[in-house]
Each structure stands twice: as C-alpha cells, then as structure tokens.
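Enquirer: Supplied in structure tokens, the structure appears directly below.
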Amino acid sequence: MDPRQRTLAGGLGGIAATLVLTALRETLSRTGLVFETAPMQVVKRMDELGLLEGSSPGGRRVLTAAAHFAYGTGAGSVFGLLRRERGGPGEEAAVGAALGLLAWGFGWASWMPLAGVDRAPWTQRTPRVLLPVLDHAVFGAAWGLAHWSLTGRASRD
C-alpha cells in the first residue's frame, strides 16, 4: 500500500476505533468512573478562553463529539501512515494498543498541559489518571483490528 492508502485505511480504522471507545466511555460513565473526557476538557478550556461565547449547550456537545471523532480519525490516519507491515489480528491489536499508548503519552505530557486543558499525569494523585491510559489502549487495539480488517486480512493470513 502506498502512503495515501495507508493513511486512508488508518483514518477509517480511527473512526471505527472511536466508535468502540465511545461505547467504552459510555459504559464507564454509567458506572461513575469517567467524569470528563479529553474532548470535554478541550471544549471547556475553549469556553474559558471566551472562544465559545454565545454557543448553546447543544452546540458544545456537537463540538465535543466532533473533536472526539476528529482526534480519533487523525490519530488513526497517523497510525496507518506509520504501520507499513502487517501481522495477524493479535499482533495488529498489540501494535495498535502500543500506538494508542504513545498517543496518550504525547498528548497528556505535552499539548494538553501546555494548553491548560489538564495537568500532566505525573502531577496527579488520583486513580482517574489511569482511565485515559485504558481508553487509549482500547482505542489502539480496536484500531489495529479495524486496520487489519480494512487492509486485506485474507491476502496475508
């Protein structure tokens, strides 16, 4: 596959993985484990900066969902571009989980604290800091399986 095809397949895998992550977060939210997701935090920060003045609560929910899917699609596209070789479904899920954890580490250790969205994870003393790690590992594993399926699993396995 050329880089453009890998990027497209990765983005489609990112959409599928975002749907899986959304279901996981909904389940965790119903159990009281997830209170505020990263997209919610970003939109909240935008509001604090006055960037959403005059927007409705419904508009903010739409913006949060759009940010969630844009991040998942973008991350999946980058993962697809990076993933040049393929293995079986177990290997792809494991590689995807590792990529998901790298994405978490990059975001939570760099741009999120710098933008004032959240504190760096090593400064927090709550077990809730582990939930985004779980989120990103599940997202990555789901991405790996979706990408494996989209890139012609039968031709290799």
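Bear in mind that the values in this text are calculations on the coordinates, not laboratory data. Just so we're clear, the structure is a prediction, and the values are computed from it rather than from any experiment. Note: ideal-geometry Cβ built from the backbone for every residue, glycine included; neighbour counts use all protein chains shown.
Enquirer: Using 0.36 nm per residue, how much length does the chain from A109 to W122 gain when fully extended, once their Cα-Cα distance is taken away? Let's see the in-between values first.
Expert: Numbers: separation 13, 0.36 × 13 = 4.68 nm, distance 0.87 nm.
Gain in length upon complete extension: 3.8 nm.
Enquirer: Cut-off is 10 Å between beta-carbons; in what order do M1, M46, M112 appear when sorted fewest neighbours first? Write out the running numbers ahead of the final one.
Expert: Numbers: M1 14, M46 17, M112 21.
The most exposed by this proxy come first: M1, M46, M112.
Enquirer: Sticking with this one: Show that you can apply the helix-only estimate: for the chain, add -39,500 (n - 2.57) for every DSSP H stretch of four or more residues, divide by all residues, and state [θ] at 222 nm to the nearest 500.
Expert: Details: 6 runs with 108 residues, N = 157.
Theoretical 222 nm ellipticity from helices: -23500 deg cm²/dmol.
Enquirer: Using a simple spin-label model with points 7 Å from Cα along the Cα→Cβ vector, what separation in nm is obtained for M1 and K44?
Expert: Here the modelled spin labels are 3.6 nm apart.
Enquirer: If you don't mind, there's one more thing I want to ask. Please go through region 46-136 and write out the GluC sites (Glu not before Pro) that DSSP classes as loop and that have at most 12 other C-beta atoms within 10 Å. Could you put the intermediate results ahead of the total?
Expert: Working: sites: E48, E53, E85, E91, E92; in loops: E53, E85.
Here the sparse-neighbourhood loop sites are E53, E85.
Enquirer: Still on this structure: Work out which helices of the chain, taken as complete DSSP H runs, extend at least 20 Å along their axis over the Cα atoms and score a mean Kyte-Doolittle of -0.5 or more, then list them. Intermediate values should be presented prior to the final figure.
Expert: Values: long enough: 3-30 (40 Å, 0.25); 57-82 (37 Å, 0.57); 89-106 (25 Å, 0.91); 130-150 (30 Å, 1.07).
Sorted by number, the helices that extend far enough and score high enough are 3-30, 57-82, 89-106, 130-150.
Enquirer: Placing +1 at every Lys and Arg Cβ and -1 at every Asp and Glu Cβ, with all other atoms neutral, what dipole size does the chain have around its Cα centre, in debye to the nearest 20?
Expert: 60
Enquirer: Quote the relative contact order of the chain in percent (integer), defining contacts as alpha-carbon pairs under 8 Å separated by 6+ residues.
Expert: Numbers: 180 pairs, mean separation 61.4, N = 157.
Value for the chain: 39 percent.
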